[in-house]
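Notes follow the structure.
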Amino acid sequence: MNKGPYYITTAIAYTSGKPHIGNSYEIVLADAIARYKRKDGYEVFFQTGTDEHGQKVEIKAAEAGVTPKEFVDKVAGEIKGICDCLNCSYDKFIRTTDKDHEGQVQKIFKRLYDQGDIYKGSYEGMYCTPCESFWTQSQLKDGKCPDCGREVKPAKEEAYFFKMSKYADRLIAYINEHPEFIQPVSRKNEMMNNFLLPGLQDLCVSRTSFKWGIPVTFDDKHVVYVWLDALTNYITGIGYDAEGNSTDQYKKFWPADLHLIGKDIVRFHTIYWPIFLMALGEPLPKQVFGHPWLLAGDGKMSKSKGNVLYADDLAKFFGVDAVRYFMLHEMPFENDGSVSWDLMTERVNTDLANVLGNLVNRTVAMSNKYFGGVVENKGAEEAVDADLKAVVTGTYAKVEDKMGTIHVADAITEIFTLFKRCNKYIDETEPWVLAKDEARKDRLATVLYNLCEGIMVGASLLAPFLPETAEKIAEQLNSKLYEFDTLDSFGQYANGTKVVEKPEILFARLDIKDVYAEAERIAKIQKAEAGVTEEGAAKEDASDAIHLEVAPEITYDDFAKLQFAVGEIIKCEEVPKSKKLLCSQVKIGDQVKQIVSGIKQHYSAEEMVGKKVMVLVNLKPATLAGVVSEGMLLCAEGPDGTLALMKPEKDVPAGSEIA
């Protein structure tokens, strides 16, 4: 079923250097949405690319001793390589040095000038080179650039300006009439309150202080300012022509359904870009989504510290789909997320190796062991099957609902809820027990059929997010992934299908020692590239060290009164009407304690289940938000307020005392 065209774009990456993991998140997010829409029946066009002009590139090229074009060719190749490494299915990779793009930008500039939207003047103010932005003194934050926090310098030059104020009221009205235009809502409020309502200043759209840009055709001292150049890629890339000869492709796909961008450039995409389009008489994009940032550790990445995370490094070690899973599943809808070697390892070992990989492996292995690999539905149904089938057939609607509002992490959670339900079904039906009774052979066959069907539905939904893994699952079950419009029914898995004889391990559990060794290897390479000696690294580490205020001394007798033990969280729920509290049932030896913790902003109730944690056992019970708490979970708190549960290094039984 063809649901019509769907056009999705990312912001084009600036070619000042190789993008780190945070910059790569956006392309994977866009790819997942594009793949999902294709599976869901849309004719998708997915565009990404590189932004290659500007003063910063000119400076970087000079420092490297190459021409700007040689410099951007190299970096654009690295950016495209990372997109390909992450298995991104873009339809076009545009570069702003493409001749057809440059020609259209010149036509657009001339048209806007001829119709009176652009005029010549001069600019005097404070200039931020990294952001390529001019600011007035009143706009600075603590004397620095309000966008990036870096130093600004006085600058004055002749320039062409765009009359922003001419279209401001029209844009305000549009945003008010189209609440879906800027998402999330917090970004919309920021744009309205901080920029539009106080009044727009005219925008500088040309520069004379550097040469690396698209020349203004009628004034060769000027080059087109980077934002007018870069933003127009969304229309030039699909065939827009400023002289009225746009292609059929442009007419089919514009306006864009979704501009996916980082939260730091929402202003350019929701104020400048719509106004440019209004001046050109073109429709506005249907939605601009400003996603949060994926940060590494405390967010401060530098090669001198050896803590820059690159997607290709992580993919080589963890696997492409493991990296995709982490980026897509761990990012909150509005708040920033964080990535580290430890967090990646935990997700691989729990969600991917245990929940998903183990489920597929057990199902294939049992099918081979009990029936020579042949899977048949013998119709020997029991009451427990109804709930499994309800979860399996109901998951697509839940995923569709989440994807409709770009809650991608929540959509993946729904899919893994299906896989967890299949694991629970194994525990409920106990195939190994059924296998001992010949009279129950048909029941055993039906159980394995139900599992294969549930796994295939889950794998089909998982395909946009983890495409290689989904295909591997289908291959192991000797089937093809299902079409989305069939996922609300149960029983597509062909009777008599024979699974593979030897199931492949989808995700192997990782030893944290091996992970740390790889992290250290990469850190040494980065420090060497940055020219940092061991002594220099130690000094930098010391300068970044957290200052710990030591509490008043206690005696050993005071400490001995505290009893610590390892607990296993067997159940966890959100505390009603509380923004911070989770209520966990914690197994500690032969007893279960209820513990309320203020960690809801750092952990979901679902991901708490199964964790081994450190518990203060003999804390006097207290009532929090109307719920009794019988202990305390121990956490470490980072300088930015991030909480991390303290967990035993090795897998020890719940109830083990901590001495």
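The values are calculated or read from the model by the stated rules, or taken from the named source; none is laboratory data. All of these numbers come straight from a predicted model, not from anything done at the bench. For neighbour counting, all protein chains shown are included, and Cβ atoms are generated from backbone atoms with ideal geometry for every residue, glycine included.
Within region 433-464, being more than 29 Å from the chain's Cα centre (by Cα) and among the β-branched types (Val, Ile, Thr) holds for Val433, Thr446, Val447.
Answer yes or no as to whether Glu180 is within 30 Å of Pro332 (Cα to Cα) and part of a loop (DSSP other than H, G, I, E, B). In short, yes. Pairing each residue of region 463-481 that is of a type in the set (S, T, N, Q) and outside any loop (DSSP other than H, G, I, E, B) with any residue that is surrounded by 18 or more Cβ atoms within 10 Å (Cβ to Cβ) and at pLDDT below 95, provided the two are 6+ apart or on different chains, yields C-beta distances under 7 Å for Gln476/Pro503. Residues in region 468-507 that are touching a helix residue (DSSP H, G or I) at 6+ places or on another chain (Cβ under 6 Å), β-branched (Val, Ile, Thr) and within 19 Å of Asp321 (Cα to Cα): Thr469, Ile473. Residues in region 70-112 that are closer than 23 Å to Met278 by Cα and of a type in the set (Gly, Ala, Ser): Gly103 only.
Only one of the numbered conditions (1) in contact (Cβ under 8 Å) with a residue 60 or more places away in the chain; (2) of a type outside the set (Val, Ile, Thr); (3) over 24 Å from Phe559 (Cβ atoms) is not met by Ser584, and that is (1). Take Ala64 and decide whether it is surrounded by fewer than 17 Cβ atoms within 10 Å (Cβ to Cβ), aliphatic (A, V, I, L, M) and within 28 Å of Asn307 (Cα to Cα). For Ala64, the condition - surrounded by fewer than 17 Cβ atoms within 10 Å (Cβ to Cβ), aliphatic (A, V, I, L, M) and within 28 Å of Asn307 (Cα to Cα) - is met. You will find that of Lys593, Lys579, Lys620, the residue that is of a type outside the set (S, T, N, Q), over 32 Å from the mean Cα position of the chain (by Cα) and part of a loop (DSSP other than H, G, I, E, B) is Lys620 and no other. Evaluation of Asp264 against the conditions (1) within 20 Å of Gly49 (Cβ to Cβ); (2) surrounded by fewer than 19 Cβ atoms within 10 Å (Cβ to Cβ); (3) touching a helix residue (DSSP H, G or I) at 6+ places or on another chain (Cβ under 7 Å) shows that the sole unmet condition is (3).
Annotation note: Cβ proximity below 8 Å between a residue of region 506-534 that is in contact (Cβ under 8 Å) with a residue 12 or more places away in the chain and a residue that is among the aliphatic types (A, V, I, L, M) and outside any helix (DSSP H, G or I) (sequence gap 6+ or interchain) occurs for Gln526/Val308. Take the residues in region 623-647 that are closer than 21 Å to Gly337 by Cβ and either touching a helix residue (DSSP H, G or I) at 6+ places or on another chain (Cβ under 9 Å) or of a type in the set (D, E, K, R) (or both), then tell me which one is modelled with the highest pLDDT. My answer is Leu645. One residue alone among Val457, Val433 is within 20 Å of Met403 (Cα to Cα) and either out of contact with any Pro (no Cβ under 7 Å at 6 or more places or on another chain) or part of a loop (DSSP other than H, G, I, E, B) (or both), and that residue is Val457. Meeting the requirement of 2 or more residues that are within 30 Å of Thr232 (Cα to Cα), the helices (runs of 4 or more DSSP H) wholly within region 261-347 are 273-280, 311-318, 320-330.
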